[in-house]
Amino acid sequence: MIDQQHITGRALRDLVRAGKHTTITAGVAMGYVQANLAILPREQAFDFLLFCQRNPKPCPLLDVTEAGDPEPRLCAPGADVRTDLPRYCVYRHGELICEPTDIRDLWQKDWVAFLIGCSYTFENALMQESLPLRHLSENCNVPMYRTNIACQPAGIFHGPMVVSMRPMTPAQAIRATQICARFARAHGTPIHLGDPAAIGIRDITKPDFGDAVTIRPGEIPVFWACGVTPQAVVMQAKPAICVTHKPGHMFLTDWKDADLE
């Protein structure tokens, strides 16, 4: 039995490519940088690059591939964005049409892949401080929510910021904020603590993506900007085609979390 918590990012990618890991990547290859994915035709790539630059909190760029090249040469030489994520989401004109485990048959010679920082990256540092990660203790996906916070538009891309949530006591939230300040390219510090309604979340028990988790007495919800934001934006911008990771099913890089500090 492979201990997936303590393997390398490359080893986890090998398992994914072989079809031996098809689930979420929270709590695996701890200490390695994880990344969100968005793939678009070159025609929309500049607009999306500009969108990421204007919205660095939800969309901190880690790597961008050459058009038609599925290898993210900067953060994971030898990897393949068509095969090395557990599951993908394929959107056509803003509608989710399928969630395959391999997109080689869809790949086009003008596609550009964007790898975006992920909050799973800083969870190793939170664990080292014994801060709670409820989605890990409850063996589920982190809860994610659309908010009423509008992203800065760029070209065709516009829409709401998505956030991930981890329940903590106020004192734990302060410590988490201090720790996450070191990881600006993994969304950095929380954007909101406390009342979900203040950022447009009507029901904290019903996340838009991922799974609901228990919020215990004395805890408050702590919200981080989330790399699922491009998916909410794609649903509004409705490009002809866009491929993303399935929420929670991330790309594992060769970088260590300390590389982003």
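Coordinate-derived values only; no laboratory data. None of the values given here were measured: they were computed from a predicted structure. Reconstructed Cβ throughout: ideal geometry from the backbone, glycine too, with neighbour counts over all protein chains shown.
Taking the number of other C-beta atoms within 10 Å as the exposure measure, put Asp195, Asp257, Asp3 in order starting with the fewest.
Numbers: Asp195 11, Asp257 20, Asp3 7.
By the 10 Å Cβ count, ascending, the order reads Asp3, Asp195, Asp257.
Sort Leu40, Leu193 by Cβ crowding within 10 Å, fewest neighbours at the top.
With the fewest neighbours first, Leu40, Leu193 line up as Leu193, Leu40.
Cut-off 10 angstrom, C-alpha nodes, Gaussian network model of the chain. Which of His245, His187, His21 fluctuates the most?
Answer for the Gaussian network model of the chain: His21.
Identify unpaired cysteines across the chain, taking unpaired to mean no other cysteine Cβ lies under 4.7 Å from the residue's Cβ.
Cys with no partner Cβ under 4.7 Å: Cys75, Cys89, Cys98, Cys118, Cys140, Cys151, Cys180, Cys226, Cys242.
Across the stretch 130-138, in residue order, what do the Karplus-derived ³J(HN,Hα) couplings come to in whole Hz, using 6.51 cos²θ - 1.76 cosθ + 1.60 with θ = phi - 60° and x for Gly and Pro?
Once θ is set to phi - 60°, the couplings for the stretch 130-138 become 6, 7, x, 10, 4, 5, 6, 5, 9 Hz.
For each pair in Lys57/Lys256; Lys109/Lys246; Lys20/Lys109; Lys20/Lys246; Lys20/Lys206, compute the distance between the two Cα atoms and list the pairs where it is over 25 Å. Mind dumping the intermediate values first?
Details: Lys57/Lys256 20 Å; Lys109/Lys246 22 Å; Lys20/Lys109 28 Å; Lys20/Lys246 17 Å; Lys20/Lys206 30 Å.
The pairs that break the limit, which is 25 Å between Cα atoms, are Lys20/Lys109; Lys20/Lys206.
Under a cut-off of 16 Å between alpha-carbon atoms, report the aspartates and glutamates in cross-link reach of Lys238, not counting same-chain residues fewer than 8 places apart.
The reachable aspartates and glutamates, counting only those whose Cα sits under 16 Å from Lys238, are Glu43, Asp47, Glu95.
Mind jotting down the distance between the C-alpha centroids of the stretch 37-78 and the stretch 136-155, whole Å?
19 Å
Can you tell me, using C-alpha contacts under 8 Å and at least 6 residues apart, the relative contact order of the chain as a whole percent? Walk me through the intermediate numbers first.
Values: 602 pairs, mean separation 81.0, N = 261.
Reported relative contact order: 31 percent.
Which parts of the stretch 137-165 would a label at Lys206 reach, counting a residue when its backbone N lies under 15 Å from a point 7 Å out along Cα-to-Cβ?
144-147
Which whole-angstrom value gives the distance between the alpha carbon centres of the stretch 190-256 and the stretch 1-15?
25 Å
Given only helices, namely DSSP H runs of n ≥ 4 each adding -39500 (n - 2.57), what is the per-residue ellipticity at 222 nm of the chain, to the nearest 500 deg cm²/dmol?
It comes out at -5500 deg cm²/dmol, rounded to the nearest 500.
Over the stretch 87-127, what is the relative contact order in percent, taking alpha-carbon pairs closer than 8 angstrom and at least six residues apart?
About 25 percent, as a whole number.
With springs only between Cα atoms under 10 Å, which of Arg13, Arg104, Arg185 fluctuates most in a Gaussian network model of the chain?
Comparing Arg13, Arg104, Arg185 in the GNM, the peak value goes to Arg104.
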